[in-house]
1. Are there any pairs with C-beta distances below 7 angstrom linking a residue in the stretch 50-73 that is farther than 19 Å from TRP35 by Cβ to a residue that is of a type in the set (Ser, Thr, Tyr), with the two at least 6 apart or on different chains, and if so which?
2. Kindly indicate whether PHE141 is surrounded by 14 or more Cβ atoms within 10 Å (Cβ to Cβ), out of contact with any helix residue (DSSP H, G or I) (no Cβ under 8 Å at 6 or more places or on another chain) and part of a helix (DSSP H, G or I).
3. Within the bounds of the stretch 123-136, is there any residue that is crowded, with 19+ Cβ neighbours inside 10 Å, in contact with a helix residue (DSSP H, G or I) (Cβ under 7 Å, 6 or more places away or on another chain) and over 17 Å from PHE46 (Cβ atoms)?
4. For ARG76, only one of the following conditions fails: (1) in contact with a Ser or Thr (Cβ under 8 Å, 6 or more places away or on another chain); (2) of a type outside the set (A, V, I, L, M, F, W, C); (3) surrounded by fewer than 21 Cβ atoms within 10 Å (Cβ to Cβ); (4) closer than 21 Å to GLY140 by Cβ. What is its number?
5. So which residues in the stretch 105-128 are over 19 Å from PRO60 (Cα atoms), free of Cβ contacts under 8 Å to residues at least 12 places away in the same chain and assigned to a helix (DSSP H, G or I), if there are any at all?
6. Of the residues in the stretch 1-25, how many are polar (S, T, N, Q) and either out of contact with any Phe, Trp or Tyr (no Cβ under 9 Å at 6 or more places or on another chain) or not in a helix (DSSP H, G or I) (or both)?
7. Which condition does PHE79 not pass, out of (1) over 23 Å from THR4 (Cα atoms); (2) at pLDDT below 95, if it passes all the others?
8. Are there any pairs with C-beta distances below 8 angstrom linking a residue in the stretch 25-48 that is under 14 Å from GLY140 (Cα atoms) to a residue that is in a helix (DSSP H, G or I) and aromatic (Phe, Trp, Tyr), with the two at least 6 apart or on different chains, and if so which?
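The values are calculated or read from the model by the stated rules, or taken from the named source; none is laboratory data. Keep in mind it's a predicted model, so treat the numbers as computed, not measured. Because the Cβ atoms are built from the backbone with ideal geometry, glycine has one as well, and the counts that use them run over all protein chains shown.
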Amino acid sequence: MRFTRTQLLVAAATLLSGVLAGGIIDRVIVGGPAWRELGAVSWAQFSRQADLGTGLVAYPAEGIGATLLILAATLRNYFDRNGRRGVTLPLYFGAAFSIAGLILTVKAAPIMLSLASLKNGTEIEHAFDEFFVWGLYLRGFMDTLAFIALVWALSNLHRRTG
């Protein structure tokens, strides 16, 4: 079976978007309750090592990379003379949700980055609450919707060619 560029881009975007969404869902469902129990100071200590360590490279690569792949797949489908109409709408949704996730990151990232200098427990608690709202709940919701839209696009793409 020969794959088109559109199929490969949609598959790659779905994969990377799934990694991003899965990580966020894990943090909301598994990590969030644990961090609430352990407290904001423990979360800050962990986040300084993880998010402000290798996370400074991994998380932007996931978020920006997924968005770029979604946009590339959307453009490729748009300009593909054999473009599939059933793929266009989910790709537009995926692109919009992914861009919204990046926009929300503009609010969430400075909160996380502020942990490098925060020492006061009250400030850390505030950062904890703010990051969960902006970084996990709102941004995470957008990234999860983007992934769902890409699964929808991939399903329609496969149905048309399979």
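1. GLY63/THR105; ALA66/SER17; ALA66/SER98; THR67/SER98; ILE70/SER17; ILE70/SER98; ALA73/THR6
2. Judged against the criteria, PHE141 is a match.
3. So far as the stretch 123-136 goes, yes, one or more of its residues are crowded, with 19+ Cβ neighbours inside 10 Å, in contact with a helix residue (DSSP H, G or I) (Cβ under 7 Å, 6 or more places away or on another chain) and over 17 Å from PHE46 (Cβ atoms).
4. (4)
5. Those that are over 19 Å from PRO60 (Cα atoms), free of Cβ contacts under 8 Å to residues at least 12 places away in the same chain and assigned to a helix (DSSP H, G or I): THR122, GLU123, HIS126.
6. So the answer is 3.
7. All conditions are met except number (1).
8. VAL28/TYR137; GLY32/PHE132
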